[in-house]
1. Identify which of 83, 50, 73 has the largest mean-square fluctuation in a Gaussian network model of the chain, with springs joining Cα atoms closer than 10 Å.
2. In whole Å, what is the distance between the alpha-carbon centres of the range 8-29 and the range 57-73?
3. Debye sum, Cα scatterers, the chain, no solvent: what log₁₀ I/I(0) at q = 0.11, 0.12, 0.14 1/Å?
4. Sort the following peptides by mean Cβ neighbour count (other Cβ atoms within 10 Å, averaged over residues), highest first: 59-72, 3-16, 35-48.
5. If you average the sequence gap of Cα pairs under 8 Å that are 6 or more apart and divide by the length of the chain, what percent do you get for the contact order?
6. For the range 25-77, calculate the relative contact order in percent as a whole number, restricting contacts to Cα pairs under 8 Å that are 6 or more residues apart.
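Coordinate-derived values only; no laboratory data. Remember, it's a predicted structure, so these values are computed and weren't measured experimentally. Neighbour counts are summed over all protein chains in view; Cβ atoms, including those assigned to glycine, are modelled from backbone coordinates with ideal geometry.
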Amino acid sequence: METGTAEEVFNSPSHPYTQGLLNCIPIPGKTKRGAHLGSIAGIVPSLVGEMLGCHFASRCSYAGPDCQTGKIEMRRARQAGHEYRCVLPPEVCAKNRKRASAA
């Protein structure tokens, strides 16, 4: 779903799946012991058979019709070498990242 250096991916995740995964990580000093950790809603798709479109589309709150079918190409994020596979442009992913981290 996303490639880049660890610093790029952890500090500026572009794909909604990466954003969701990072929101599940407890934050030292902020996450209270025994508190519920974040999760990604939905069911992981079957790995049997051909998959069309984005493999995260059925669980993505930003998914649209273009996410459901066809091949989704890698897109360049803000820095060279940081890419993600999504139909959303980088500026939309940045807005989604800010909205998700505020939740």
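1. 50
2. Here the two parts' Cα centres lie 20 Å apart.
3. -0.36, -0.43, -0.58
4. 3-16, 59-72, 35-48
5. 34 percent
6. 27 percent
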